[in-house]
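Down below is the structure, laid out as structure tokens.
Rule-based calculations on the coordinates, nothing more; no lab input. Just so it is clear, the structure is predicted and the values come from calculations on it, not from any experiment.
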Amino acid sequence: MKDNIFYYQKELEYLYEKREYFIKNYPKLTPFLAYDSKDPDIERIIENLAILSSKIHQELDENIPHIAESLINIVSPNYTNPLPSLCMQEFKFEQNSKEN
């Protein structure tokens, strides 16, 4: 639950930050998106978008190791497979040796 709130707040902050950029580029929408706007529907849309995108970002952050491992397996499967230690030895036996 704590992680969900962190991701939600992060996304909400990002959306409010980009809202200013959007208002500058599309001034006709300023009455709907301005901070002093009292339209609850717009606020709900922004909050719901923050919830949805926070869930997506949380899933991505949790699954990045699995995604990276899958990509490495595709590119070069030898990197993730364990390789047992190898040692080469050569023995020479002398036939006229007195010890067995």
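Observations on the model:
- Relative to the longest principal axis of the Cα atoms of the chain, the long axis of helix 40-75 makes an angle of roughly 10 degrees.
- 0 to 90° range, to nearest 10: angle between helix 2-25 axis and the chain longest Cα axis: 50
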